[in-house]
Amino acid sequence: MISLNPARKRNTQRPLYNELTDYYEIIEERDWKREFNLINSIIQRNNCSRIIDLGCGSGYHVNEFAKKGLSALGLDISRNLISFARARAKAQKSGADYVVGNYYHFKSVRKFDAALCLNWSIPVKNQEIKKFLDNSNRLIRNGGLLIFDYERKSEIVHSDLNHMIIQQWETKGQKIARISVGDLKSSILRSQDVYVVFNGRASFKNSPVESRRYERVSENDGSIQTYIDHSFVRFFSRPEIREMAFRSKFKVKEIRRLPRTKYTREYVILEKFAEA
Ligand SMILES: C[S@@+](CC[C@H](N)C(=O)[O-])C[C@H]1O[C@@H](n2cnc3c(N)ncnc32)[C@H](O)[C@@H]1O
């Protein structure tokens, strides 16, 4: 059974990347294999053998690339996600490498053939996007690739905004539910989420004591835990992507699309300009 590590509770980062690390891959409802196959086909076609995943999360893609014999490094700011990724790579002897670090500042002497930044992980504000793209550019060789995904402005579903969206999952005897409400301002979507984790089967062995029937039960007592999470993502138009890329010395090579459970993601493949 997945156990929530109490030591993780003090972390100030968002719960989805910390206390809820063990659930990340099921909560992020997507066809992981299909997405990997898409990215892998681009990587193979462009003869990339040295890859970095910026904001690698649970490290799924890096682990899969390493299994295929590529040199793959995952970088993430979350220590818990990096621990999760390392533990899996070790168990599977994949040879994947992971490091805790910040994608705005990370440096490497040896350049990479390709950098990934997946699951709508690029920053939302122009200044930070520029910083992220400039640093990605420094990490990649001339002609190398940067691949990231986003959703298009033209596909915003306004009727979904400011409504509760309730989802639930079950994994290894645990149940988890998420209630989300999203709102939008200038193409930036803020999602406010509440997660409730029910740990295992509630054992109900003894008859209830009548005098304690209406007693208040303490929150997060181990059998049920709740977390409040919030996040921001930004929708883009294709001209905006082209312009942002150009300012950081990339050109758009290709755009691919993949459906998710509800919406379609675009994967943009940027190529670094050769330096004069
Ligand atoms: C939406 S998750 C995506 C994870 C993974 N790429 C995937 O495809 O599932 C965003 C990830 O970016 C990481 N992150 C956010 N800001 C970062 C930064 N400045 N440097 C490195 N990682 C960062 C988060 O910790 C989180 O793991």
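Here the simple spin-label model places points 7 Å from the Cα toward Cβ, and for residue 68 and residue 210 these points are separated by 6.8 nm.
Set against the 2.2 N^0.38 Å expectation for a compact globular protein, the chain has a Cα radius of gyration ratio of 1.11. Candidates 206, 15, 70 compared by Cα position along the dipole of the chain: farthest toward the positive end lies 70, with charges placed on Cβ. Set against the 2.2 N^0.38 Å expectation for a compact globular protein, region 157-233 has a Cα radius of gyration ratio of 1.50. Our helix-only sum for the chain, with -39,500 (n - 2.57) per DSSP H run of n ≥ 4 divided by its residues, gives a mean residue ellipticity at 222 nm of -7000 deg cm²/dmol. Accessible surface for the chain, divided over its residues, is 55 Å² per residue with a 1.4 Å probe. Return the whole-Å distance between the Cα centroid of region 102-138 and the Cα centroid of region 223-269. What the calculation gives is 14 Å, centre to centre.
Once you have the Cα-Cα distance between residue 34 and residue 125, take 0.36 nm times their residue separation minus that, and quote the gain in nm to one decimal. Between residue 34 and residue 125, full extension yields 29.8 nm more. For region 27-103, the share of accessible area belonging to carbon and sulfur comes to 45 percent (1.4 Å probe, ligands and nucleic acids excluded). A Förster radius of 22 Å, combined with the Cβ-Cβ distance separating residue 155 from residue 194, puts the computed FRET efficiency at roughly 0.30. Ranked by solvent-accessible area (1.4 Å probe, protein heavy atoms only, all chains present), the residues 21, 226, 261, 171 order from largest to smallest as 261, 226, 171, 21.
The values are calculated or read from the model by the stated rules, or taken from the named source; none is laboratory data. These figures come from a predicted structure and were not determined experimentally. Backbone-built Cβ (ideal geometry, glycine too); neighbour counts: all protein chains shown. Please note that ligands, DNA and RNA were not included when accessible areas were found on the heavy atoms of the full protein model with its side chains. Shrake-Rupley method; radii C 1.70, N 1.55, O 1.52, S 1.80 Å.
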